[in-house]
Amino acid sequence: MPRRSFLVHRLVRQVAATVLSVFVLASTAGVAHADTTSATGDEYVTAPTAWATWTGKSTSEITTLLGSTYRLVDVKADSSGTYTATAVKNAGAYAAPAWWWYVHASVLDISNFASVNNARIISLQRNSDDTVNVVLVSNTGVYARSWWWYVGITTSEATLDWQANNARITSVIADPTSAGTYDVLMVGNTGADQRTWMWWVNQSVSNLATLASANNMRLIDLEPEGNGNFDAAMISATGADNVAWWWYLGWDATQMQRLADTNGARISRMVPYLNGFSQTVYAAVMVDNLAAEPRRVWNVLQTGYTQQGLSGATFGFYVRQIGGSAQIALAPSTTYEPASGIKALYNLYAEFQVQIGNDALSKALTYWYKPTDPTNKDVCPLDYANAPSNQSTTTLANGLKLMMSISDNRLTQSVDLRYGRDNVNA
């Protein structure tokens, strides 16, 4: 749980504004290594975990939602005075021995807190009143990292700093107190933290997409400039860091959650900003949150949908042994309207009844057609009455074939009536 006082770290410089609209820099280092723990940052870890994002919340509401389960990885103020928070379960690969968060704290207080408590900032946002919002973690033992933070510096100064520190930038965000300056987080680019990386400021969405694709990078941080452009930090999506990831802009919080659920992803950063209609929308970066087998199934389904021109379709799955727990799942709590997909369940139940000797494929199966449209398989059987005058008969084998091969709704109803819906659902 965060303590309510003030806090964090090492070097802070405030400088006069120097306007620079676009800055591009790449620094390369050795082979990438995906992290097994979040000692450096949760954005480098893909171990499946519980996570949450909360929007439009007060600090007291966030504290309540965190409980003893979660810890924050990012907190950002929005235009209404509330906050958007991103959290992970504070356990397993994401466990931190200690962590803190503060909003509207002075730069000096945070610097002192970080020094006294040996803490490291992992999320930074400066407010227009010259205070900062931060999330910090313990920087001791195996969690210790060389790190630096700066507020109100130009891109030229940031370049000199990361070069002097042998560091890489993990977060860059426009400073609201002085145009053309930025607030920056860095970690040492050595050892297990060494990566090929890039950072960009004041870039259009299309430019960022091109830069990420052309350089085989994935975003780890994405921040709005306030003018329709964005700042970003990236790492090479190669080797062990070649993981599934996504980024989205301009959606509301509900849609961002839906996208994360559909992708089997975890939101690692979600930042509020105002769109051209003065509506609060979000920019989000997501990373893989599925184990290997459900991700393999996801890839199969996504490939199939894409081949049918349905890339980005919403889907899920849930597989478990009867009487057992889920083996693989994607968005298992999502309400699912199966439509004709339910026919596979009826077919399975019918085949099982045949297998155990309760039925036979050669037995007669009665169904009812629509009197005014007798050959239409796509009618809704609930739209007309079942009577002797519109009754027809086939075999169970042929009925199942018609139900599965051409999705005949009339035969589906007949199977439902034959066995009873409660029995099929049991």
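Each reported figure results from applying straightforward, stated rules to the coordinates on display, with no laboratory input. Worth saying up front: this structure is predicted, and the values here are computed from it rather than measured. Ideal geometry is used to build each Cβ from the backbone, glycine not excepted, and the neighbour counts take in all protein chains shown.
Here are some notes:
- Estimated 222 nm signal from helices in the chain, with DSSP H stretches of n ≥ 4 weighted -39500 (n - 2.57), rounded to 500: -7500 deg cm²/dmol
- Averaging the sequence gap over all C-alpha pairs within less than 8 Å and six or more residues apart, then dividing by the number of residues, gives the chain a relative contact order of 14 percent.
- Between 0 and 90°, nearest 10: helix 396-405 axis offset from the chain longest Cα axis: 30
- Which of S128, S414 has the fewest Cβ neighbours within 10 Å, and the rest in rising order: S128, S414
- With each label modelled as a point 7 angstrom along the Cα→C-beta vector, the D130-A313 pair spans 5.7 nm.
- Taking Cα atoms only, the orientation of helix 155-165 departs from the longest principal axis of the chain by about 80 degrees.
- Over all other residues within a Cβ to Cβ distance under 15 Å of T375, the charged ones net out to 0, with Lys and Arg as +1 and Asp and Glu as -1.
- Sparsely packed loop sites in segment 197-291 (the chymotrypsin sites (Phe, Trp or Tyr not before Pro) outside DSSP H, G, I, E and B with at most 14 other Cβ atoms within 10 Å) comprise F277.
- Scalar couplings 3J(HN,Hα) for segment 311-325, obtained by applying the Karplus form with A = 6.51, B = -1.76, C = 1.60 to θ = phi - 60°, are 4, x, 5, 8, 8, x, 7, 8, 10, 8, 6, 4, x, x, 9 Hz; x denotes Gly and Pro.
- Helix axis angle, 107-117 relative to the chain longest principal axis, alpha carbon, degrees: 80
- Net lengthening on full extension, A360/N166 (0.36 nm per residue, minus Cα-Cα): 62.4 nm
- Option label - Cα extents along the principal axes in Å computed here, alternatives [x] 88, 43, 43; [y] 60, 55, 46; [z] 184, 50, 35: [x]
- With K and R counted +1 and D and E -1, the other residues having a Cβ less than 14 Å from that of T335 yield a net charge of -1.
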